[in-house]
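What follows is a set of notes on a single structure, which appears directly below.
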Amino acid sequence: MRKQIAAANWKMNLTLQQGEELLDNILSKISSVEEGRQAVFAVPAPYLVMAQQKVAGKQNIFVAAQNCYSKKSGAYTGEISVEMLQSLGVTFVVLGHSERREYFNESNQLLADKINIALEYNITPIFCCGEPLAIREAGTQNDFVAQQLEESLYHLSAEQLQKIVIAYEPIWAIGTGKTASSAQAEEMHAFIRLQLQDKYGIDVAESITILYGGSVKAANAKELFGQPDVDGGLVGGASLIADEFVAIINALK
Ligand code: 13P
């Protein structure tokens, strides 16, 4: 079976002390995650070392960066390279979050470059895609997401693609409390998998973990993750509450 993943995205929240407390609290309740499942914590960059130290040696618990730059190194003040992440032992990076696309003008092409460099350094990209409300209301969400996949992923070989995790996050469901219904989530996840199948074949498509993100919480996680093509979640707000995120990890298939 595909890997099932509960990924926390803390976004730009919490002080170092609050982050440590939250992670300690969660890890006191879940000290390892069983094979076939993973818990991932995408923490703010200044907390990567702290988080990496706390999860070190814990089975199937990993740390992610929330972003990285597309260049190897050099005069890019303020940016974070994948080589830096690798040197910390960080194994995941969230790329293409809608907030970065919107506020920092990240294009599908830039994301293709970021994905390439992450893969070069053996860091697993959690590639986010998803449509805004106007596109959903116009009923063209499939075309919109298909284009995101095409422009950021389809230059990859099948072997490279299999190292990627995809997160479908409809923008209208992020931080709004308005979750996609499990049927809406499944419909898009199945569509994404079909696109991957058309391009890379069924075996590759069936092996890719596709997460759902957008107002996932303990109360809806089981139902969402129970859908055949939903392989876990990328969680914002609810990942800042220890008991909520523990329940979300426990709701994985
Ligand atoms: P919320 O869970 O707060 O809706 O955020 C989702 C998200 O953007 C995760 O990356």
Filter the stretch 52-80 for residues that are closer than 19 Å to Asn122 by Cβ, touching a helix residue (DSSP H, G or I) at 6+ places or on another chain (Cβ under 8 Å) and either assigned to a helix (DSSP H, G or I) or among the small types (Gly, Ala, Ser) (or both) and give the result. Gln52, Val55, Ala65, Ser70, Ser73
Would you point out which residue out of Phe127, Phe191 is within 15 Å of the ligand (Cβ to nearest atom) and of a type in the set (Phe, Trp, Tyr)? Phe127
Mind checking whether some residue in the stretch 224-237 is part of a helix (DSSP H, G or I), over 15 Å from the mean Cα position of the chain (by Cα) and within 15 Å of the ligand (Cβ to nearest atom)? yes
Taking the stretch 66-108, which residues are among the basic types (Lys, Arg) and either surrounded by fewer than 12 Cβ atoms within 10 Å (Cβ to Cβ) or within 29 Å of Phe144 (Cα to Cα) (or both)? Lys71, Arg100, Arg101
Where a residue in the stretch 230-244 is at negative phi and its partner, wherever it lies, is more than 9 Å from the ligand (Cβ to nearest atom) and among the hydroxyl-bearing types (Ser, Thr, Tyr), with Cβ under 8 Å and at least six apart: Val230/Ser182; Val230/Tyr212; Asp231/Thr209; Gly233/Tyr212; Leu234/Tyr212
I'd like the residue in the stretch 204-220 that is more than 19 Å from Met1 (Cα to Cα) and within 11 Å of the ligand (Cβ to nearest atom) and, out of all such residues, is farthest from the chain's Cα centre (by Cα). Asn220
Kindly indicate whether any position in the stretch 153-165 is part of a helix (DSSP H, G or I), out of contact with any Leu (no Cβ under 7 Å at 6 or more places or on another chain), under 22 Å from Lys3 (Cα atoms) and aromatic (Phe, Trp, Tyr). no
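Each reported figure results from applying straightforward, stated rules to the coordinates on display, with no laboratory input. Note that the structure is predicted; figures quoted are calculated from it, not measured. Positions of Cβ are backbone-derived with ideal geometry, glycine not excepted, and every protein chain shown enters the neighbour counts.
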